[in-house]
Amino acid sequence: MSGPYVIGCDVGSQGTNAALYGADGTLVASAYEAYDVAFPHPTWAEQDPRAWTAALHATIARLVKQVPEGPGAIKGLSFGSQLDGMVVCDRNGQPLRPAMIWMDRRAEAQAAALAARMPREDFYRHVGANLDSSHAVFKALWVRDEEPEVFAKAAAFMPPGSYALREAAGVLAVDWSNASSLALLDPRTRSWSPEVLDAVGIDPSALPELAPGTQPVGPVTAAFAEATGLDPGTVVVVGCGDEMAATLGAGVFAPGEVCDVVGTAEPVCAASAEPREDPTMLVECHPHADPDAWLLENPGFVSGGSLRWWRDQFSPLEREAEARGEGDAYDLLTAAAAEVPPGSEGLLHLPCMQGAMAPEWNGAARGVFSGLTLAHTRAHMTRALLEGSAYALRDIVEAMRAAGLETRRLTIVGGGAKGALWRQIKADVTGLPVRVPTSVETTATGAAILAAVGSGVHPTVASAVDAFVSYQPEEQHPDPERQARYDDAYRRYRELYFALKPVFERT
């Protein structure tokens, strides 16, 4: 293997995965550094932004040591960063408080206050996004209302991707996809929406400068070069949001191809050659990582995070077996669930552990197991949890169809793509064939594609995708008998959610 090389960094909510690629798309090495999410109160989810910096330093330093030609052979660096987070910084770029990440739902009152002044349909039309507390602008408004002393010192409001970019290159910028997650960007013009900025009272001078995700912004700072071992001339490229990077890294371009990103959350994206509107507003319209495309996208319900919660809180035997080297805890859990019939013998799970993003956006919704009997086992509950996420996925696919997009196939990426049972459940529930890229951790791949284009290693996004993306030969196809059983279970799932909606709203 010989250079040039690029590095793509997946700056996620559970850790940072940095990956080193050759110009031909070959994965040379990767490094992962975990960090914690704090849940100090119900609906709150926070992280120290400095943990992202430390993880970038540690992972990139490990990769640099894998380059036989030396750090000068690494030409570019870019990021696919968690969306819908808010980092409030002072004039020196230092965070004034912990970042409120995508899972944080504390800003319900701020979203409701804006909804009283601006119809939700108007908000969606202006910014392509729902008027929902998950979006980062409402987290900034929460700081304004609840921590005025912090807000008074604030000089910049930015998503996590802009914070990572500033740490690496000393430049405050944001690509169109990350900017769109602030719910302040008009996706048609790819500029800040004056109507929404005026409604929320945010000064645009406090926001990062807008740029395409492939834009090089300069070399790494001296401090970042020293901390990582990178050559001081390494080009830093703006990057994009993590689900946009994951979609790009999965090679999802053609209309009708849907990317299901199964990480802590489960964003679902479908590429479009033009901006679209969903009349139900279940899916949003955001700019893609590719500057020439858009995505119909649902930002994602807690999915892999729920399975991790289930493993951590209710699966001590599997965790102990994994510690003894007797197999992966997730594989042991799902092996038992595979023995349970489709539909989990009437047991249903609503995947609303941090609010609902399907079948509608509802920050007040909560996770539910329904239909439990003495005949049900923990394996039934595991399968019901997997099926609940598949039902929410079907909600999103149906909304994409309502927006005029014909869906033909699912490409599943992220850690959840490794589970054959979960893939088959999704094929049976949605009625769509499922494929998996050779590398399921495609967020870092997508970021590396942007690094390759921005640093000149590849001339276009299309040529970089051709080099970097390949697929496993086998696809999962829906089974007609199981699909019919899941049609009935899906109907009951929706009935359960809407029956419980008044209960959620009173909680």
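Rounded, prolate or oblate for the stretch 324-386? Axes are the square roots of the Cα gyration tensor eigenvalues, ordered a ≥ b ≥ c, and the cut-off for rounded is a/c under 1.5. It is oblate, given that a/c is not under 1.5 and a/b is not larger than b/c.
For the peptides 154-161, 483-490, the ranking by packing is 154-161, 483-490, with the highest mean count of neighbouring Cβ atoms within 10 Å listed first.
Counting other Cβ atoms within 10 Å of each Cβ, which GluC sites (Glu not before Pro) in the stretch 429-507 have at most 10 and sit in a DSSP loop? Can you show the working numbers first?
Numbers: sites: E441, E474, E475, E481, E495, E505; in loops: E441, E474, E475.
Here the sparse-neighbourhood loop sites are E474.
Average accessible surface for the chain: 36 Å² per residue, computed with a 1.4 Å probe over protein heavy atoms with every protein chain in place.
If I compute solvent accessible area with a 1.4 Å probe over the protein chains, what percent of it on the stretch 1-132 is carbon and sulfur?
52 percent
When the square roots of the Cα gyration tensor eigenvalues are ordered a ≥ b ≥ c, the ratio a/c for the stretch 152-218 is 1.5 or more and a/b does not exceed b/c, which makes its shape oblate.
With +1 assigned to the C-beta of every Lys and Arg and -1 to the C-beta of every Asp and Glu, and no other charges, what is the dipole magnitude of the chain about the Cα centre in debye, to the nearest 20?
Its charge dipole is roughly 400 debye.
Of the GluC sites (Glu not before Pro) found in the stretch 371-422, those that fall in a DSSP loop while having at most 13 other beta-carbon atoms within 10 Å are E406. Within a straight-line Cα-Cα reach of under 21 Å, K153 can be paired with the following lysines, leaving aside sequence neighbours fewer than 8 residues apart in one chain: K139. Which lysines have a Cα less than 21 Å from the Cα of K418, not counting those fewer than 8 places away in the same chain? Hits, sequence-local ones excluded: K426. Under 23 Å between alpha carbons, and skipping anything fewer than 8 positions from K75 in its own chain: which lysines qualify? Qualifying lysines at Cα under 23 Å: K65.
The values are calculated or read from the model by the stated rules, or taken from the named source; none is laboratory data. Bear in mind that the values here come from a model prediction, so they are computed numbers and not experimental data. We place every Cβ from the backbone using ideal geometry, glycine too, and count neighbours over all the protein chains shown. We work out accessible area using only protein heavy atoms, side chains counted, and drop any ligands, DNA or RNA first. Shrake-Rupley method; radii C 1.70, N 1.55, O 1.52, S 1.80 Å.
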